[in-house]
Structure formats: structure tokens, C-alpha cells
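Accompanying notes for the structure given below.
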Amino acid sequence: MASTVFANSLLPLSSTPPSSLPTFNAFPLSRISFPNSRSHFLSTQLKEEKNFRFFTTYCSPVAASAKDSKEEETPIELKYAAYPTVMDINQIREILPHRFPFLLVDRVIEYTPGVSAVAIKNVTINDNFFPGHFPERPIMPGVLMVEAMAQVGGLVMLQPEVGGSRDNFFFAGIDKVRFRKPVIAGDTLVMRMTLLKLQKRFGIAKMEGKAYVGQDVVCEGEFLMAMGSE
């Protein structure tokens, strides 16, 4: 009612009967072309059309389904890149003295001599500790996780260029070790060892280690290792 009175007040007086005058109740005021307001009307109309096109493009079920079908075109086996190889098993065997069944490092994926290393252990049902730990629920023993991490630490330190040797290294101590989650057959254990302190005179290295399965920390602790011959 208010819009009708306002609109009619702008029209010139005429002898035309009121019943024949146009009514504007069915339209919003933004659609009425007032004198000297044509630019405002066009601007409002263009904005509404632009917003409609945006909504149609990004909210249309057709557009969403097309995006989903494009993602589904890539098979799952091609979506994830493999871990890089900085050291393969043959290079690892040249540094570490361990052999089957106690070599627990399969590949090095990041390596900074004398600073840190990241390596992986592929845990499979064929590992020789699973028949006894446990027959009904195969879980990797925590002590072997610690051993695997120590071997990665050996890869960091058993390098002549950083003052180490290729002879042997031994545990001098472990501290603050925590096991967060079980590691089972089929997991890939990713281990990072970082040097915290090195006493070259005594051949003692203090290292920090963390092991992951996916994004989850499964084991962590601090390691003391003694380097040198027996």
C-alpha cells in the first residue's frame, strides 16, 4: 500500500480514472525506473544477474557432479606418490653391520650426514617375529621399534666424514621412551632420528627419535649411542 501511494505521487495529474492507472504492488521498488535514476536501476539489475550466474556456476548439481567425476577418473593406485629413495637397501648394508633377521631399515628417504635421517621399515606378516608376537594378533614388538630407530641413528653417525666409523655402535642408554599406538602387519613405519649432541672425544651421541604410521606418532624417545670398535 505504501509503495502504491509513493509511486502514484510521482505521476502527473491526469483525467485518467484511478482504476486504469498501473499498480506497482507486484514489483520491488528497486525495479521501478524513477526519473533521474536509470543508472541505479541498470546497476541493480546487472548485480542481480551476475550473482545469479555465480550461483548457477558454483552451486549447480551439474557442475558439482562434473567435478566429482573428474576426480574419480584417477585410480587410487595413481593418486599417491611413492617414498623417494635416498639410500636403497644395498647402500644401507654398506653402512650398517646388521644382517637378516635383524636389519630393520628398508629405505632412507631423507638424509643429512651428521644431522638427521628419515627411513622406513615395511612391516609385513612375513616378519619372523609375528608368529610369536602374537599368533592371533600380530603386533610389532616395541623393543624392535626402538632397535629400528637406533639403526636409523647409526646411519646418521656411522659416516667417516662426520667423525664416525663404520665399525660398530652400541646402546649407551635410552630415556623417555613412549609407545603411543600398536604397529601391525601392513603398516609402514617411518622413523626420524635427529642428532642433539655429539661428544667426539668419547664417541657418544645423544639423539631424538620419533616413529610414525601415517600422521600418528607410534613411538618416541631419546637415545644415547656409543660409537667405535668393540
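The values are calculated or read from the model by the stated rules, or taken from the named source; none is laboratory data. Since we're looking at a predicted model, the values are computed, not measured. Quick reminder, even Gly has a Cβ in these numbers, built from the backbone with ideal geometry, and neighbours come from all protein chains shown. Heavy atoms of the whole protein, side chains included, go into the accessibility calculation; ligands, DNA and RNA do not. Shrake-Rupley method; radii C 1.70, N 1.55, O 1.52, S 1.80 Å.
Summary table
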{"item": "Residue count for region 71-94, restricted to those that are among the aliphatic types (A, V, I, L, M) and either modelled with pLDDT under 90 or assigned to a loop (DSSP other than H, G, I, E, B) (or both)", "result": "5"}
{"item": "Selection count where residues are open to solvent by less than 30 Å² (accessible area, probe 1.4 Å) and small (Gly, Ala, Ser), scope region 175-224", "result": "5"}
{"item": "Residue satisfying all of: in region 121-140; under 27 Å from the mean Cα position of the chain (by Cα) and under 30 Å from Ala205 (Cβ atoms); most open to solvent (accessible area, probe 1.4 Å) among these", "result": "Asn122"}
{"item": "Residue under evaluation Glu230, criteria (1) open to solvent by less than 30 Å² (accessible area, probe 1.4 Å); (2) at pLDDT below 95, criterion not met", "result": "(1)"}
{"item": "Test result for Ala172, in a helix (DSSP H, G or I) and surrounded by 13 or more Cβ atoms within 10 Å (Cβ to Cβ)", "result": "no"}
{"item": "Looking only at region 195-230, and only at residues there that are among the basic types (Lys, Arg) and not in a loop (DSSP other than H, G, I, E, B), the one that is nearest to the chain's Cα centre (by Cα)", "result": "Lys210"}
{"item": "Ala211 closer than 16 Å to Val108 by Cα, at pLDDT 90 or above and touching a Lys or Arg at 6+ places or on another chain (Cβ under 7 Å)", "result": "no"}
